[in-house]
1. For LEU20, indicate whether it is at pLDDT 90 or above, surrounded by 14 or more Cβ atoms within 10 Å (Cβ to Cβ), closer than 26 Å to ALA109 by Cβ and not polar (S, T, N, Q).
2. What pairs can you find where one residue is in region 13-25 and without any contact (Cβ under 8 Å) to a residue 40 or more places away in the chain, the other is of a type outside the set (Asp, Glu), and their Cβ atoms are less than 7 Å apart, with a gap of 6+ or different chains?
3. Looking for something of a type outside the set (Val, Ile, Thr), away from the ligand (no atom under 16 Å from the Cβ), part of a loop (DSSP other than H, G, I, E, B) and within 20 Å of the chain's Cα centre (by Cα) - is there at least one such residue anywhere in region 45-57?
4. Is there a residue being at pLDDT below 90, assigned to a helix (DSSP H, G or I) and away from the ligand (no atom under 16 Å from the Cβ) anywhere in region 77-97?
5. Would you point out the residue of region 98-111, among those that are part of a loop (DSSP other than H, G, I, E, B) and surrounded by 13 or more Cβ atoms within 10 Å (Cβ to Cβ), that is nearest to the ligand (Cβ to nearest atom)?
6. Of these, LEU76, LEU66, which one is under 23 Å from the mean Cα position of the chain (by Cα), under 19 Å from ASP22 (Cβ atoms) and in contact (Cβ under 8 Å) with a residue 12 or more places away in the chain?
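The values are calculated or read from the model by the stated rules, or taken from the named source; none is laboratory data. Since the structure is predicted, the reported quantities are computational estimates derived from the model, not experimental observations. Counting neighbours? That spans all protein chains shown, and the Cβs are built from the backbone with ideal geometry, glycine included.
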Amino acid sequence: MSKINKLEIKQQIEEKIIKLKDDINKLTDLTKPISPDCAIGRVSRMDAINNKSINEAALRQKKTQLKALEYTYNHLNDPEFGLCIKCGREIPLGRIMLMPESKKCVTCASR
Ligand SMILES: [Zn+2]
């Protein structure tokens with residue numbers, strides 16, 4: 001893989017990490033414990049609890065994605081970067097750009 005491509009990927013990952021951290025901050029705010037003193041009423045409290053679990057799931061997902069991205073970012077210069085961990089073939093650049101956290105080629109990932 002050429003150096004220019006790696007630079008492009010690096011920038012893409014940086015942008016994604018910034019966005020993810022922003023999302024994680026917002027979601028962390030939204031998943032703060034709901035206070036038991038029911039100033040918001042019973043029904044809206046149920047809503048708040050429902051929303052909270054949705055947000056918590058989203059938060060978990062974003063954190064996983066962030067970890068994967070940071071991992072990719074730190075391993076951009078590894079000789080095996082961009083190679084499928086299963087078959088060893090080069091992963092198409094478009095795929096790495098779209099999901100840099102992916103370590104398998106499309107064929108192996110869909111198996
Ligand atoms: Zn593969």
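1. Criteria met by LEU20.
2. ASP23/LYS62
3. Looking for residues that are of a type outside the set (Val, Ile, Thr), away from the ligand (no atom under 16 Å from the Cβ), part of a loop (DSSP other than H, G, I, E, B) and within 20 Å of the chain's Cα centre (by Cα), one finds none in region 45-57, hence no.
4. yes
5. CYS105
6. Selected residue: LEU66, the only one of LEU76, LEU66 that is under 23 Å from the mean Cα position of the chain (by Cα), under 19 Å from ASP22 (Cβ atoms) and in contact (Cβ under 8 Å) with a residue 12 or more places away in the chain.
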